[in-house]
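First comes the structure, then the notes that go with it.
The values are calculated or read from the model by the stated rules, or taken from the named source; none is laboratory data. Just so you know, these numbers come straight off a predicted model, no measurement behind them. FYI the Cβ positions are ideal-geometry reconstructions off the backbone, even for glycines, and counts take in every protein chain you see. To get the accessible areas, we keep the full protein, side chains included, count just its heavy atoms, and leave off ligands, DNA and RNA. Shrake-Rupley method; radii C 1.70, N 1.55, O 1.52, S 1.80 Å.
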Amino acid sequence: MVYAPAVTPAEILLVEDDEAYAYITRQAFGQAKLIANLHHVNNGKKCLDFLRQKPPYTAAPVPDIVLLDLDMPVMDGRQVLAEIVKDEALKHLAVVVLTTQDEHAEILRMYQLRCSSYICKPTEFDKYVDMIKKFADYWLSVVMLPTRNRGRT
């Protein structure tokens, strides 16, 4: 069977406390012409509330991909990832760490916590847009996600 990319928009949850990066990510998604609904929360507690559909996120969609920053207030990305992987209702989610940190020990730790992928944020906008395009090409065209492929045989 040949897989054709879904035409329904992907649901992507961006977990990012830095409003400048959140803005740049929205702009990069727009320039990359992605068919996606980009949702945003600014800390780890809100992320888990969104994922668990707790107020005020009771109508939140199940995201196809969580783009997770590591250093945030209230609850950081490491704590969020640890919670996701131990929660039976959430551990199937694709979690892509999107951070400025590129230390080997941190990368290893996130993979040990079962992140799906680890991406370092480029600092230049053009490179950021290019990274988002590559991210989308891989995660939304190549990868078969459990949230996007329900009912396929």
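Data overview
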item: Mean accessible surface per residue for segment 1-103, computed with a 1.4 Å probe while every protein chain stays in place, in Å²; result: 48
item: Computed label-point distance, nm, for sites Gln31 and Thr147 using a 7 Å Cα→Cβ extension; result: 2.5
item: The chain, accessible surface, carbon-and-sulfur percent (1.4 angstrom probe); result: 54
item: Tensor-based shape of segment 44-86 (alpha-carbon gyration tensor, a/c under 1.5 rounded, otherwise prolate or oblate); result: prolate
item: Cα-centre dipole for the chain with unit charges at Cβ (Lys and Arg positive, Asp and Glu negative), debye to 20; result: 680
item: Directionally averaged projected area (convex hull, Cα atoms, the chain), nm²; result: 9.4
item: Cα Rg over Rh - segment 29-112, Kirkwood; result: 0.97
item: Set of lysines with alpha-carbon distance to Lys46 below 26 Å, sequence-local pairs under 8 removed; result: Lys54, Lys86, Lys91, Lys121
item: Aspartates and glutamates with Cα under 20 Å of Lys134, excluding same-chain neighbours fewer than 8 positions away; result: Glu11, Glu16, Asp64, Asp69, Asp102, Glu124, Asp126
item: For a label point 7 Å along the Cα-to-beta-carbon line of Lys133, residues of segment 14-55 with backbone N under 18 Å; result: 24-36
